[in-house]
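Structure first, then comments.
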Amino acid sequence: MEPPADGHDNLTLTAEQLQAYRACTYRWNPPDRVRSVEEAVEFVNQRGFVFLYANKGVLMPSLWTAVAGNRPVPRAHNDPGQVIWDWKDSSLGKRLWYYSRLLRRRNTLVSLDMLPCFYALSPNYGDPENDYLEQYEQGLMTREARMVYEAILFKGKMNALDLRQEAGLASNESLSRFNRALEDLQVEMKIVPVGVAHVGAWNYAFIYDATHRHFPDLDARTRPIGEWQARETLLLAYLRSIGAATVREIDHVFRWSPDLVRRVIRRLEERGEVRSGIRLEGGKDTLVAHLDMLDHN
């Protein structure tokens, strides 16, 4: 990393420097690989949040690459890296982490320490058994999502097959709308997978429960956290994982809008926790970097 020739305070990073930093934080290198569910929990706690599997086009660490290295997910189910699927299933309901479809509607693992920051930005306002009705009346919740959520609220946790029946969405024509409702409710942190039931044609179905019931202290832990604190904490943890990114890459993960991302960056930079205006060698866009990234080079 070196200053530009004009002597200004701006810095330049190379793609190789970013790759070397991420090799460490993503745990790509063989000596650093994750080899047990206990180490997987430690990895998630270190990073704050990761994807279960790497997602093309989204800049984010994943449990897959921490176990299998920086390579694509193969078609073969017997690949050694696929042990993460068993770890994920065996951990459901144990509150080792928060697992759900969350960021980018992808399977995301969140540390319990970071969980309140995500919850603070969700449309859950302290009365999860009634607030959803206001969402529905405002057109912010689909009819199917309300039916699925009410089935879980009133009947308790249940597997996906029973849930379809209970919500009145058991027909073939309703399958896509049911799946969309499950995703919507997970993204909004209203429901969460808590186990696996050996039912149906695949002998496999998630068991879902209401998030506030499975994590009964979550609301109390979230209440002191304001919106800006939540966003700053999440963005700082994200930048610590990836080293540096453009506003567009950050927005691609969080979906906050570029303007909001810039405002959060500005607040972090004023406190000296990140640095913006950094050039990527050969690139046009500027980056914002975590100080760990700058110290690494």
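The values are calculated or read from the model by the stated rules, or taken from the named source; none is laboratory data. Values in this document were obtained by computation on a predicted structure and should not be read as measured data. A quick note on method: Cβ atoms are made from the backbone with ideal geometry, for glycine too, and the neighbour counts reach across all protein chains shown.
Restricting the search to helices (runs of 4 or more DSSP H) fully inside the range 169-248 and requiring at least 1 residues that are in contact with a His (Cβ under 7 Å, 6 or more places away or on another chain) and more than 21 Å from A145 (Cα to Cα) gives 218-222, 227-242.
Only one residue in L175, L163, L115 is over 22 Å from the mean Cα position of the chain (by Cα) and buried (at least 19 other Cβ atoms within 10 Å of the Cβ), so which one is that? Working first, answer last.
Numbers: L175 fails: buried (at least 19 other Cβ atoms within 10 Å of the Cβ); L115 fails: over 22 Å from the mean Cα position of the chain (by Cα).
Criteria check complete, one pass: L163.
If you go through the range 158-180 and keep only what is touching a residue at least 24 places away in the same chain (Cβ under 8 Å) and in contact with a Phe, Trp or Tyr (Cβ under 8 Å, 6 or more places away or on another chain), you end up with M158, N159, A160, L163, L169.
So that you can scan it fast, the table gives a plain yes or no per residue for (1) of a type in the set (A, V, I, L, M); (2) in contact with an Asp or Glu (Cβ under 9 Å, 6 or more places away or on another chain):
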| site | (1), (2) |
| --- | --- |
| V41 | yes, no |
| A76 | yes, no |
| I84 | yes, no |
| R95 | no, no |
| R105 | no, yes |
| L109 | yes, no |
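Checking each residue in the range 90-105 for being closer than 21 Å to L235 by Cβ, out of contact with any Ser or Thr (no Cβ under 9 Å at 6 or more places or on another chain) and surrounded by 17 or more Cβ atoms within 10 Å (Cβ to Cβ) picks out L103, R104.
Has the range 131-154 got any residue that is more than 22 Å from G195 (Cβ to Cβ), touching a Ser or Thr at 6+ places or on another chain (Cβ under 7 Å) and modelled with pLDDT of 95 or more?
Start the filter on the range 131-154 by keeping residues that are more than 22 Å from G195 (Cβ to Cβ), which leaves 131-144, 146.
With touching a Ser or Thr at 6+ places or on another chain (Cβ under 7 Å) added as a condition, the list becomes none.
No.
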